[in-house]
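Taking it in order: structure first as structure tokens, then the write-up.
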């Protein structure tokens, strides 16, 4: 089972210790802080999930949740019995789930925490895949447009080169040789634009020491 890191935000030492022990049994290493301010200070320290109590001595959990919107972490709100409305507001505010402090609530916290981490990772992966798909589609559409815009003048250049070659034949070897070079290079460009127009799986390659990416025409399909 993968070891996860959790930040437990709980000002009640007894509750915090119960959660810490239950989390540890499920391979979830936890650090405990007792206030919303401490949570905001430490949220960026590489945790996989935040277990956030609603009732805190400085600011309440909903305010902390608002401040955590810029942190790429799933949050599970832990509310007191009778605070179900708070839980609803927490869900609206971006929390993955909530746990009500009732009975042996701390026993379910590890499972909810793992579900939150898995759901967050899945959501993040799907967003990245969507962005990549949109980028690939943009590349393909651009390639089609480039093919169209280049092929028109290219056809004119190639047509005139072929016409001149048919008229000159071998009368001027130097000119004919240059026209052959023009014809050859035009045909290479035409093949590149053909590949661009038929791209379905563009591949990007890094250059400038990884600062930029460029379409790999020959490596793409």
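The values are calculated or read from the model by the stated rules, or taken from the named source; none is laboratory data. None of the values given here were measured: they were computed from a predicted structure. Neighbour counts are summed over all protein chains in view; Cβ atoms, including those assigned to glycine, are modelled from backbone coordinates with ideal geometry.
For the range 37-57, give me the residue count where each residue is more than 28 Å from the chain's Cα centre (by Cα) and buried (at least 20 other Cβ atoms within 10 Å of the Cβ). Total satisfying the criteria: 3. When 60, 48 are checked against the criterion of being at pLDDT below 95 and assigned by TED's automatic domain parsing to the domain that holds residue 86, 60 stands alone in meeting it. On the basis of being surrounded by 13 or more Cβ atoms within 10 Å (Cβ to Cβ), farther than 20 Å from residue 190 by Cβ and free of Cβ contacts under 8 Å to residues at least 60 places away in the same chain, does residue 158 make the cut? Considered against the rule, which asks whether it is surrounded by 13 or more Cβ atoms within 10 Å (Cβ to Cβ), farther than 20 Å from residue 190 by Cβ and free of Cβ contacts under 8 Å to residues at least 60 places away in the same chain, residue 158 comes out as no. Residue 139 meets all of the listed conditions (1) out of contact with any helix residue (DSSP H, G or I) (no Cβ under 6 Å at 6 or more places or on another chain); (2) farther than 30 Å from residue 19 by Cα; (3) surrounded by fewer than 16 Cβ atoms within 10 Å (Cβ to Cβ) but one, namely (3).
I'd like the full set of residues that are surrounded by fewer than 19 Cβ atoms within 10 Å (Cβ to Cβ) and under 23 Å from the mean Cα position of the chain (by Cα), limited to the range 61-71. Once the filter is applied, which keeps residues that are surrounded by fewer than 19 Cβ atoms within 10 Å (Cβ to Cβ) and under 23 Å from the mean Cα position of the chain (by Cα), the range 61-71 yields 66, 67, 69, 70, 71. Just one of (1) out of contact with any strand residue (DSSP E or B) (no Cβ under 9 Å at 6 or more places or on another chain); (2) in the same structural domain as residue 49 (by TED's automatic domain parsing); (3) in a helix (DSSP H, G or I) fails for residue 91. It is (1).
If the condition is being surrounded by fewer than 17 Cβ atoms within 10 Å (Cβ to Cβ), within 32 Å of the chain's Cα centre (by Cα) and under 17 Å from residue 8 (Cβ atoms), then the range 72-96 contributes no residue at all. Say we look at the range 7-20 and pick out the residues that are assigned to a loop (DSSP other than H, G, I, E, B) and surrounded by 15 or more Cβ atoms within 10 Å (Cβ to Cβ); which of these is nearest to the chain's Cα centre (by Cα)? Among them, the one singled out is 10.
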